[in-house]
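The values are calculated or read from the model by the stated rules, or taken from the named source; none is laboratory data. Predicted, not measured: the structure shown is a model, and the values here were computed from it. Cβ sites come from the backbone with ideal geometry, for glycine too, and all protein chains shown count toward neighbours.
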Amino acid sequence: MTIYLDMNATSPVMDDVAKLVQKMFVDEYGNAGSRTHEFGARAKKAVEKARQQVADVVKADKSEVIFTSGATESNNIALLGLREHAEQHGKKHIITTGIEHKAVLEPIEYLEMQGFEVSYLKVGKNGLVDIQELKSELRDDTILVSIMHVNNETGSIQPISEICEVLAEHPAYLHTDAAQSFGKLPEGLENERIDLISASGHKLYAPKGIGALIMRRRGFIKPPLKPIMFGGGQEKGLRPGTLAVPLIAGFGFACELAQKKTHAWQKDAQELKEELISGLDNLGAEYNGSNTSPFVLNFSIPGINSEAAMVMLKGIAAVSNGSACTSSSYTPSHVLTAMQLDDDRIAGAIRVSWGPMTKSLPVKAIVEKLGQLR
């Protein structure tokens, strides 16, 4: 039986979360915007409970949480929603990195076409940003710094606390795409200097189609975002549309469970990772990225192409060779390219990712199969 080891792409829904979602679909199907009857009142209560559960992950106020369809939409609202404010104040400089998810890079590329200037921070072979380069790139007209927390391909954890320190005295808004860390590796995200945090349900064992954008106030002033869609005025007028109450309730419950279990999850995941590394060492594996999440391992084995490796592992393990969002593309990984790895290493890169549902890894079978390709 094939074991699923592609949880950075998407994850199964936890059993208790699935039960709650099912109940909300079948029994509590009211519209949270309906104020004239108890069905709507109960739906609104479920939404507000989930809003608190999401906020608690990063020690935010629940009024700072809006629900979206996922981190991609959250990223778009955070980035494109600042455009009007930036133009009004003549601050049209953005700082980001070359290893961001396409859900960040493409909105920023759009802003670049609209006259914004973008500085892309370099990363070394360790996949981490250089804090000194960030300092040197900051300008008086810098409106936004957008740096992801945990990279979806390598699992490299960016020094978010140090980034916050650099920006302590600068007015630029700080946005982080936390799709791969929210609830699983929350350390650092509670820093009040982070203005905007994007989160996704399906990376935290909740349903697909739900996410959140956390917009922290500075004192009493909220980030000056404008809506990028219109029609209905839901979610503080920033994100219109009927709220998906069952998905929201499920995401909130997943956040609550994650808060209780995150340290145990991290410990178990790290043990699995060390076991896999021990096996792959026998094949001379090279590991891509430093300071990486316990839930993912990106590696290359000299002489082995990732496409051939994935075919060889069919029936054993479902793994990937990059972001699911660009899986239809045969161009080299933009993340590994930005890390300045050589072509053969990039072509051989395999990503293995797991979660708390993963009780063991078929290390012996994986090593044996990959060894046959050498």
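Kindly provide the set of residues from the stretch 115-134 that are farther than 25 Å from Ala179 by Cα and in contact (Cβ under 8 Å) with a residue 24 or more places away in the chain, ordered by number.
Phe116, Glu117
Run down Ala172, Ala179, Ala168 and say which single residue is over 17 Å from the mean Cα position of the chain (by Cα), assigned by TED's automatic domain parsing to the domain that holds Arg139 and in contact (Cβ under 8 Å) with a residue 40 or more places away in the chain.
Just one listed residue meets the conditions, Ala172.
Among the residues of the stretch 161-200 satisfying the criterion of being surrounded by fewer than 24 Cβ atoms within 10 Å (Cβ to Cβ) and among the small types (Gly, Ala, Ser), which is nearest to Trp354 (Cα to Cα)?
Restricting to residues being surrounded by fewer than 24 Cβ atoms within 10 Å (Cβ to Cβ) and among the small types (Gly, Ala, Ser), the top hit is Gly188.
Let me confirm something: among Thr337, Thr326, Thr331, which residue is of a type in the set (S, T, N, Q) and modelled with pLDDT of 95 or more?
Going through Thr337, Thr326, Thr331 in turn, the sole match is Thr337.
Of the residues Glu165, Glu235, only one is at pLDDT 95 or above and of a type in the set (Asp, Glu); which?
Unique residue meeting the criteria: Glu165.
Could you list, in sequence order, all residues of the stretch 201-231 that are among the aromatic types (Phe, Trp, Tyr) and surrounded by 15 or more Cβ atoms within 10 Å (Cβ to Cβ)?
If the condition is that a residue be among the aromatic types (Phe, Trp, Tyr) and surrounded by 15 or more Cβ atoms within 10 Å (Cβ to Cβ), then Tyr205 is the only one that fits.
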